Each structure stands twice: as structure tokens, then as C-alpha cells.
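Values in this text are rule-based calculations from the coordinates and carry no lab data. Computed from a predicted model, the values in this text were never measured in an experiment. Cβ: placed from backbone, ideal geometry, glycine included. Neighbour counts: every protein chain shown.
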Amino acid sequence: NLSQVTLGVGDGSTLCQGGVETNEDYLYVVYLKLGGETPEEGADVSRLGYANGELYLTASRDHGLTWSPSLNLTDTKTPWCHADDPESVCASEAWATIARDVDDIHIFYIRDYEAGAYTESGWTMNHAMYLRLPGGTTDAVYLCPPIAPNMFVDLTAEPECEYHAPPGGLNEETLTITNLGNGPLTGEVSVLPGAAWLSVVGAGLYTIPEAGADLVLPVMMDAGALSTGLYSGTIRVTHNDTTRPDPTDFPIEFFVVDGFFCAETNILRTAVASPGVLSLQVATNGRFGGPDPEGGLWRFVDSSSSIFDASLLIAHGAQEPDTVVFHRFYERLDPGQYGFVALALSEIDTTAYGTGQGYAYAAAEMATSDSILGVTAEWFFPQQHDSADFVIGRYTVANRTASPVADIAVAVWADLNVLAAAHSEDLQDGVGNHGHYAQAQNLIYLYGYDTIGHTPSDPLNTSQRYSGGFTYIAGRDVLGNPFELEMVPLRGGVGDNRDNTENGGPSSGLLYRRMVGSPGVTVWEPAAQVDSAKDAYTWLTLDQGLTLAPGEEQLYVIGIVSDTLRHEAYDPGSSPLEDGLAATVTKAWVWAEANVICHCPCHADPACDGAINVLDVVHAVDVAFRGSTAAFDENCPFEQTDVDCTGFTNVLDVVHFVNVAFRGGDSETEFCDPCAP
């Protein structure tokens with residue numbers, strides 16, 4: 001977050017350090033800083049999350065060997081700003097140039113009214129600013145660097161994307177403390193109580209003199225006595241650098257799990273030849289969508305996005321505390337806290353691209369961060385030219401433990417936008433969007449206006465409208481049954497107004513209570529915002545109060561739909577859906593039922609007792625030779641006894657059963673996968 005460095009050199013015209021030396025050949029560096037360690041610095045962002053820049057100054061009196069603590073020269077905090085909001089215009093300094101010769105410090109820079117040099121609304125007219133910091137006196141505050149420590153501390157940040165080890169294993173990292181300043185740095189290193197598995201070799205009091213060598217301490221994360229799961233601890237570093245928060249804490253999320261994989265992302269798309277081609281980012285940590293335009297259900301032709309970012313969410317309230325697992329939008333806040341553990345690398349199949357038939361496919365294996373529940377996520381991207389305006393997600397949630405897991409809730413957590421609305425007069429991202437629930441289609445959706453080339457937008461012109469959202473297709477509650485729904489407006493409500501949650505991120509207890517607290521369908525819209533434009537953070541509950549026995553699994557299918565016809569004309573006084581989106585939802589249902597919905601818990605186990613034994617052989621014999629009616633699992637294309645997936649049960653299936661039940665055969669080679677793509 002440091003960039004745009006510019007350098008000046010002292011000319012000796014100012015006396016420093018009590019008059020015993022001049023600033024001749026002092027080095028002065030001005031640079032741009034985005035964000036920072038303090039909550040105030042981290043909150044200085046625009047409504048789309050882009051950071052406002054500040055200009056900082058640091059100086060060296062020994063030709064760059066040591067540097068003074070940095071000083072903020074501008075300090076223009078405008079959190080939650082937007083360039084076209086007169087009450088909250090962004091102030092983001094950037095592109096500074098310091099004069100080469102420093103008698104006084106002379107700086108030219110740009111005050112950018114768009115945060116992060118990113119155009120959120122349109123071009124802005126920005127001021128070119130001149131800043132003079134006077135020298136010429138003894139110990140001029142900006143020209144004479146104070147004698148003080150300047151700390152930099154780092155814990156190995158990318159130990160293959162997460163801290164992890166298999167049960168009985170050891171993960172070794174390194175804590176490095178550097179004194180960049182021209183005064184001694186002192187403090188203490190410790191591990192907070194409650195994490196016996198975490199240690200820092202050489203922890204305790206430390207002193208690093210001016211220009212002293214770095215303090216390098218081994219960090220040990222010992223899984224020798226730990227079972228599979230997620231463990232939390234904290235390394236604390238105290239110090240005497242008054243310009244930085246003290247203490248500096250390093251929260252450690254330590255995964256103990258076999259077969260660990262780093263989370264990875266891929267972007268897939270629907271039919272290339274269709275005018276409504278969509279692309280969507282999918283990941284092995286439960287997330288779909290993202291900030292990249294092509295990652296957020298992006299339509300290439302009309303450059304409009306209906307769904308910006310979303311993820312799968314699982315809570316099981318019987319645990320203490322609640323376990324909430326999801327990937328919050330496009331930023332990983334605290335490693336491990338907000339994501340699933342990837343258990344296998346993504347499977348990607350794009351061979352259907354360009355064929356006009358079938359589907360592109362992605363799959364991922366993951367587990368909740370406590371390793372209790374496993375998730376198989378699959379995404380289907382239709383390649384038929386008339387089915388390019390929806391994407392299907394199929395999720396199988398399974399109990400990975402030897403004990404029942406109770407009180408499970410499964411949901412989709414999403415930030416919905418009609419992105420083109422960001423070009424309207426009122427430029428908060430998502431303004432112009434209106435959120436609605438259509439029970440007949442099991443759909444939560446937004447609509448908004450295309451304002452590219454239409455300023456201001458015309459609410460009466462339905463050809464300018466876009467819409468999109470989620471439809472719930474199948475799960476424990478079959479199609480058409482009620483399910484839980486909550487829509488939360490962007491601003492207002494509990495806590496931080498940027499995401500309507502506690503402490504800048506969803507609270508597990510709060511989120512769980514809202515998910516399962518009331519039956520039926522609840523749409524929360526404060527009276528003051530019912531008719532106002534809003535950006536909606538939403539969770540759609542697919543299941544609640546679920547108990548899974550050991551090895552038991554549950555299936556959920558959702559459709560992510562976008563009205564590529566731009567003809568979803570919503571009138572609050574009449575029908576909530578018309579041609580475009582309703583037709584898209586119906587098409588997604590039909591396509592999913594034909595291509596995606598497959599759930600076969602008793603396939604190759606017709607006795608449904610979790611074992612392949614004589615009872616299953618008897619079932620197969622009855623169907624193959626005695627005329628018994630074959631049994632099907634709901635949403636499974638094959639008979640329970642059709643273990644080779646030929647479409648009927650015969651002597652070959654009986655032989656497969658006998659081989660596994662009595663002759664030591666392997667079920668993975670003897671039995672087919674009835675839900676294989």
C-alpha cells in the first residue's frame with residue numbers, strides 16, 4: 001500500500017539535532033500510502049471500497065541507513081465517500097513530487113476526488129496543490145528527523161496461503177522485527193494464553209539499537225497433540241514506536257487437516273455465441289462472483305452485472321460458539337476466519353465451449369473451517385445459445401465426523417448489484433436498485449436502470465431496466481415450499497454501516513439468529529428505505545434446523561439468473577415479474593431438472609444402511625430375476641440396484657454387488673457415479 005515515491009536532498013540551510021549538525025545531504029522521501037494499521041486508516045475508503053490516498057514524509061540523516069517515523073502530511077480522511085456526493089466528496093492525495101533541493105520542502109500533488117485513482121462515477125476535475133513546509137530554523141519539525149525508533153514487524157504471511165499442518169505435524173514460520181529508525185527499539189514478544197500449540201523461540205524482552213540487525217525468531221505451530229480442526233492463537237509484539245499501534249497482534253488461524261490445498265479461483269462462461277453470454281468467478285473456498293468485471297456474472301454485450309459477489313454460508317448453532325463459514329465478498333479479512341478449507345483442487349471442464357450444447361463445469365471439495373462439515377460445490381454453465389442467461393450451482397453438504405451434527409443452517413450470502421446503476425446521478429454503488437422477492441419463482445432479485453448514455457435515467461423506460469438474483473431450485477424443501485429469506489439494505493441497521501454487521505464483519509451469533517429466528521419469509525426493509533434506492537447484502541437460507549448423521553449428506557441447487565432481455569418491468573402496484581426474468585427463472589428450473597439435479601444417497605446401497613452386504617445382494621437379485629419393482633432415490637436418474645449405470649438392473653449388477661460384499665472388491669471400481677457430469 002506504499003507507492004509513488006519521490007526523493008529530495010537537504011541543502012544544509014537548516015540546523016538540526018539542537019544545532020549540532022545541518023540538514024546537508026539529509027534524504028527526504030514523500031510517498032503515497034493507502035490504508036494503514038489503525039481502524040481510522042482502514043476505514044478511509046469510498047463506497048465501493050477503494051482507499052483514499054494520504055501523503056507521508058520520512059527522512060534519513062545517515063544516507064538511508066535509518067529512517068525517521070513517517071509523518072502524515074495531508075490527513076484528509078473522507079470515509080465512505082463518493083465523488084458526486086456533495087456532502088461526502090472523496091479527498092485522495094496522489095502523484096506528489098518533492099523539489100530535488102530541500103531548503104524548504106516544496107511539494108506539488110493532485111487532490112483526487114475519486115478514491116484510489118479509480119473512476120467510480122465519471123471523470124472528475126481535480127485540484128493541483130502546492131504544499132510548503134518551512135525550514136531554516138533549528139530543529140524545523142519536518143526537516144529535522146526526530147531521534148526515535150521506526151518499527152517494521154512481519155510474520156511469514158504466505159505459508160502456502162494458510163497456516164496448516166496434518167495431525168501430528170509441525171508448521172514453522174518466522175517472526176521478523178526490524179528497526180528502521182535512528183533510536184533504539186525496545187519491547188517484548190509473547191504468545192497470549194490459550195494456545196499451547198503455538199510458541200515463539202526466543203520470546204521475551206528485546207532491544208534493537210539504531211541500525212541494529214533484525215530480530216529473527218522462529219515460530220512453531222505444533223499439531224502433535226491436536227486433532228483435525230481449526231485452532232486460534234495470538235502472537236503479541238509490544239514496542240516503543242509511538243507512531244504505530246501498541247501492541248501489534250498477529251492472530252493465527254491454524255488448520256490441522258490432511259490433504260490441504262490452497263484456495264483457487266476460475267472464471268467460466270456460458271455460450272459464446274449468445275448475445276447474453278455470462279461469466280462468473282468460482283472458487284474452492286465457497287465463493288462465487290468477485291470484483292473483477294468478468295467475475296461478477298458479467299454480460300459482455302451490454303456491460304452490465306446483476307450479481308456482484310456471493311458465497312456459500314454454513315452455520316451450526318449447536319457448536320459453541322456458532323460456526324459461520326463463508327468468504328466475505330472479494331477480500332479475505334482474517335485468514336481462516338471467513339473461508340472454507342479447500343480439500344481438493346478445482347475440476348474444470350470447458351470442452352463444451354463453442355459446441356452450442358452441454359455445459360462447462362467446475363467443481364471443488366472443501367470443508368468448514370472446523371473440519372466438521374464437508375461441501376462439494378459444482379457449477380454448471382449452459383452452452384445452449386438460448387440458455388446463456390443463468391448459471392446453476394449444486395452443493396452437497398455432508399457430515400465428516402463420527403457423530404451427528406445438529407442445528408445446521410445452509411445459506412447463500414451475497415452482495416447484489418445492478419452494476420450499471422453506478423453511472424446514475426446518485427452515485428452510491430447500487431443506488432437505483434430495488435430488491436424484491438417473488439415467491440412463485442423462489443427468487444430474490446434486484447432491478448435497476450442502465451444509465452450508460454442515459455443521464456438521468458428514465459424510470460418509465462422499461463427497456464433500460466436490468467434485473468438478476470438467486471432462485472432456489474431444489475433441496476430438503478422441494479421446489480415451491482417456503483424457505484427463509486432476509487434482505488439487508490446497505491446503510492442503516494446494526495453496527496458498521498458498510499455491511500450492516502458488527503465490527504466490520506458479520507457476527508456469527510447475530511447472523512445465525514437472523515437466519516433461523518423466524519419461520520416463513522421475512523424481507524427486512526426499514527420504512528424510510530422501502531421506496532429508496534439501495535444496495536442489498538442478502539442471505540438466502542436454503543435449509544435450517546438440519547441434523548446430519550455420520551456420513552449423511554444433503555443436496556441444494558440454486559440458479560443465478562440475469563435478465564439479458566432488459567425487459568423486467570417492475571411496477572410496485574402490479575405483478576412483480578414480467579417477461580424477461582420470469583422466463584429466465586423457468587428456463588433455469590427446467591434446465592437444472594434435466595441436467596443438474598441428481599441425488600442418489602442409496603445408490604448401490606438399496607438397504608440404505610451404509611454398508612454393502614447380503615441385504616443389497618438380495619435386493620439386486622429380486623429386481624434382476626424376480627420381477628420386483630426397482631427403487632429410485634428422488635432426483636436420481638438410476639435405479640438403486642443399477643450399480644453400473646446402464647439404465648437397468650441385470651446379472652452384471654448382481655455380480656458387482658457380490659464382488660464388493662463377499663470377495664473384497666473395491667466399490668469405487670465396481671460401482672459407477674450416478675451423478676457424474
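Here are the numbers for this structure:
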item	result
For the range 339-380 versus the range 149-221, the gap between their alpha-carbon centres in whole angstrom	37
Between the range 75-92 and the range 638-677, the Cα center-to-center distance that results, in Å	65
Isotropic mean projected area of the C-alpha convex hull, the range 107-230 (nm²)	13.5
Loop-located GluC sites (Glu not before Pro) in the range 596-677, at most 13 other Cβ atoms within 10 Å (DSSP)	E634
Those chymotrypsin sites (Phe, Trp or Tyr not before Pro) in the range 603-667 that DSSP places in a loop and that have at most 15 other beta carbons within 10 Å	F648
Shape box of the range 600-677 [Cα atoms, principal axes, largest first, Å]	31, 28, 22
Per-pair calculated FRET efficiency, R0 = 51 Å: A195 and E668 via Cβ, rounded to 0.05	0.85
Residues in the range 175-191 that a label on D214 would reach, taking backbone N under 17 Å of a point 7 Å out along Cα→Cβ	175-181, 185
Theoretical FRET efficiency, 1/(1+(r/R0)^6), r = Cβ-Cβ of D622 and D249, R0 60 Å, to 0.05	0.40
At R0 = 25 Å, FRET efficiency that the Cβ-Cβ distance of D62 and N1 yields, to 0.05	0.45
Mean shadow area of the range 46-156 over all directions, Cα convex hull, nm²	9.4
